[in-house]
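Just below is one structure, and these are the notes that go with it.
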Amino acid sequence: MPTNIEIIEDLKLGDLPVEEQNKVLADLTDILQDRVAMRVNDLLSEEEKDEYDRLLASNDQKGADAFLGDHVTALADILAEEYASLRQELIARNDMIVEAIDKAAKEIK
């Protein structure tokens, strides 16, 4: 998983104010966690899901993380795959936005 600095550079967010960069990183983290959770949910048995939910309900994030590490052997791969997928989506959107801005700027001239 890349560092925050690498993500900022990779997605060309360096020109944003630091507060905006932090907000974008927080939003991306939430999206990534949701995607990984959906994939992991498909891999756990009902009993494992119940145990994991109990850990989350008790705000035991370290325990929940350790549980996933013990019960989902492909967790690092899932995280890497979901980040790569999200990254590609964001780059494609960014490219579309830049193209739209360039087109609008040319029409104004």
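Computed from the coordinates by the stated procedures, all read-outs in this text should not be read as laboratory data. If you're wondering where the values come from, they're calculated on a predicted model, not measured in any experiment.
Just want to confirm a number: the relative contact order over the chain, from Cα pairs under 8 angstrom separated by 6+ residues, in percent. Walk me through the numbers before you get to the answer.
Working: 35 pairs, mean separation 34.1, N = 109.
Computed value for the chain: 31 percent relative contact order.
Note on the stretch 1-20 and the stretch 49-86: Cα centroid distance 25 Å, given to the nearest whole angstrom. Taking 29 Å as the straight-line reach from the Cα of Lys62, the lysines in range (excluding those fewer than 8 positions away in the same chain) are Lys23, Lys49.
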